[in-house]
Amino acid sequence: MLMRLPAWKPEPAAVVGALFGALFFLYGVGVLDDWIKWANGEEAPEHVEDASLGWRRYFSVFAGS
């Protein structure tokens, strides 16, 4: 309705919702933290591989922090 489209055409709302949903999911799990720091001009931490985590590093976004 905000885009002045007929009520039986929900595709634009679904596309916008999917885009925002994907963006906020990535932000929520912390994937975008370093990029946001870089975009704000802050120093992003250098990520070092930690072999002691083993297989768990593949399932954790925060393994390097």
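The values are calculated or read from the model by the stated rules, or taken from the named source; none is laboratory data. From a predicted model like this one, the values you see are computed outputs, not experimental measurements. Don't worry about glycine lacking a Cβ; one is built from the backbone with ideal geometry, like all the others, and counts go over all protein chains shown. Quick note on the areas: whole protein, heavy atoms, side chains included, nothing else; ligands and nucleic acids left out. Shrake-Rupley method; radii C 1.70, N 1.55, O 1.52, S 1.80 Å.
Can you say whether Gly64 is over 14 Å from the mean Cα position of the chain (by Cα), surrounded by 10 or more Cβ atoms within 10 Å (Cβ to Cβ) and modelled with pLDDT under 75, as far as the supplied structure shows?
yes
Kindly indicate the residue of segment 16-43 that is assigned to a helix (DSSP H, G or I) and either in contact with a His (Cβ under 7 Å, 6 or more places away or on another chain) or of a type outside the set (A, V, I, L, M, F, W, C) (or both) and also farthest from Tyr58 (Cα to Cα) among those meeting that condition.
That would be Gly17.
Considering each residue of segment 1-55, count those that are at pLDDT 85 or above, open to solvent by 100 Å² or more (accessible area, probe 1.4 Å) and hydrophobic (A, V, I, L, M, F, W, C), and give that number.
6
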